[in-house]
Amino acid sequence: MKLVSKNKEDTRRTFVVEGEPYWFVNSLRRIMATEVPVLAIEDVEFRKNDSAAYDEIVALRLGLMPLKTDIKNLNLKSECNCKGAGCSMCEVKYHLKEKGPKTVYAKHIKSSDPKLMPVFEDMPIVKLGKGQELEFEAIAVLGKGNVHMKWSPGLFHYKYFPKINTGKSTCTEAIDRCPLGILELKAGKVVVNELKQLDCHLCEACSDACKDIKVELDENKHVIMMESWGQLTCKEIVHKASSIFEDKLNEFAEKIAKDKK
Ligand SMILES: [Zn+2]
């Protein structure tokens, strides 16, 4: 596994996995998207809502708002010592009380744990007219993306590693045809800009234009791109997904061993 790039906040990463089959990469992608738990608002109790938006609409918006998640110290409700009754280890409480005229933003929400605030504080919730009030209590819990996408930690996709062989081509038409500007001219020859090589989506416009340029995919290498919604860093997502993957494989192996007996 080789890291290609990541941003400062570690909410975007691109890395290359070599020597693993596509099913391994795809399983990892699916686990990252649907099995790594994050926090999201699940229950809202409205005390007052004079805004133009129905309670259900405001509750939906609150549910989709990414919340910073402490994956080490929070439990899934179903796996918590309280046996699902709800406690400080599996529930986080939020409340809000605002009066118009104003736009209510995510930053106006108060949390029982200041570390678990909304990721984007300028996310608008609702507009209040003069004298209109909004007041609610909300409870957020950990959940998984396979139950509802509000509990998914981000967007993940992968592709085969592109191999572009320009050989000794001098056919500059390929440079103009490539929609991603991956090819360039160096000392009279068409070459691949290595920084842009991974952008290639194998459209083959270059090889259609110039027969001496070949585009292939490397089936032994995959490029994985991940973008976190901000609840967790990419590092946390990959670590958690790897440990879930390992647990699943162990469980599978145990079941097969039991069946053989
Ligand atoms: Zn609990």
Item to complete: Show the residue pairs that are 6+ apart or on different chains and have beta-carbon atoms under 7 Å apart, the first residue being within the range 52-78 and farther than 16 Å from residue 118 by Cβ, the second being assigned to a helix (DSSP H, G or I) and of a type outside the set (A, V, I, L, M).
Response: 71/236; 71/240
Discussion item. Cβ-Cβ distance below 7 Å, separation of 6 or more or different chains: which pairs start in the range 114-139 with a residue that is farther than 19 Å from residue 69 by Cβ and end on one that is in a strand (DSSP E or B) and modelled with pLDDT under 95?
Written reply: none
Fill in: Counted residues, the range 186-228 - those being hydroxyl-bearing (Ser, Thr, Tyr) and either over 30 Å from residue 151 (Cα atoms) or at pLDDT below 90 (or both)
1
Item to complete: Would you be able to say whether some residue in the range 192-202 is assigned to a loop (DSSP other than H, G, I, E, B), closer than 27 Å to residue 93 by Cβ, within 30 Å of the chain's Cα centre (by Cα) and in contact (Cβ under 8 Å) with a residue 40 or more places away in the chain?
Response: no
Fill in: Criterion (among the charged types (D, E, K, R) and more than 34 Å from the chain's Cα centre (by Cα)) met by exactly one of 173, 135, 121
173
Practice prompt. Mind listing whichever residues of the range 137-166 are assigned to a loop (DSSP other than H, G, I, E, B) and in contact with a Phe, Trp or Tyr (Cβ under 9 Å, 6 or more places away or on another chain)?
Written response: 144, 145, 152, 153
Discussion item. So residue 100 passes all but one of these: (1) away from the ligand (no atom under 14 Å from the Cβ); (2) surrounded by 13 or more Cβ atoms within 10 Å (Cβ to Cβ); (3) modelled with pLDDT of 95 or more. Which condition number does it fail?
Written reply: (3)
Worksheet item: Taking the range 37-86, which residues are farther than 16 Å from residue 110 by Cα, away from the ligand (no atom under 16 Å from the Cβ) and surrounded by fewer than 13 Cβ atoms within 10 Å (Cβ to Cβ)?
Response: 52, 54, 56
Worksheet item: Which one is farthest from residue 39 (Cα to Cα), of the residues in the range 211-261 that are among the basic types (Lys, Arg) and outside any strand (DSSP E or B)?
Response: 211
Worksheet item: Is it the case that residue 143 is small (Gly, Ala, Ser), within 16 Å of the ligand (Cβ to nearest atom) and surrounded by 16 or more Cβ atoms within 10 Å (Cβ to Cβ)?
Response: yes
Worksheet item: Hey, which of the strands (runs of 3 or more DSSP E) in the range 1-113, taking only ones fully inside, have at least 3 residues that are more than 30 Å from residue 162 (Cα to Cα)?
Response: 38-49, 91-99, 102-105
Worksheet item: Just a yes or no: is a residue in the range 216-232 surrounded by fewer than 17 Cβ atoms within 10 Å (Cβ to Cβ) and within 20 Å of residue 172 (Cα to Cα)?
Response: yes
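The values are calculated or read from the model by the stated rules, or taken from the named source; none is laboratory data. Note that the coordinates shown come from a computational prediction; the quantities given were computed from them, not determined experimentally. Don't worry about glycine lacking a Cβ; one is built from the backbone with ideal geometry, like all the others, and counts go over all protein chains shown.
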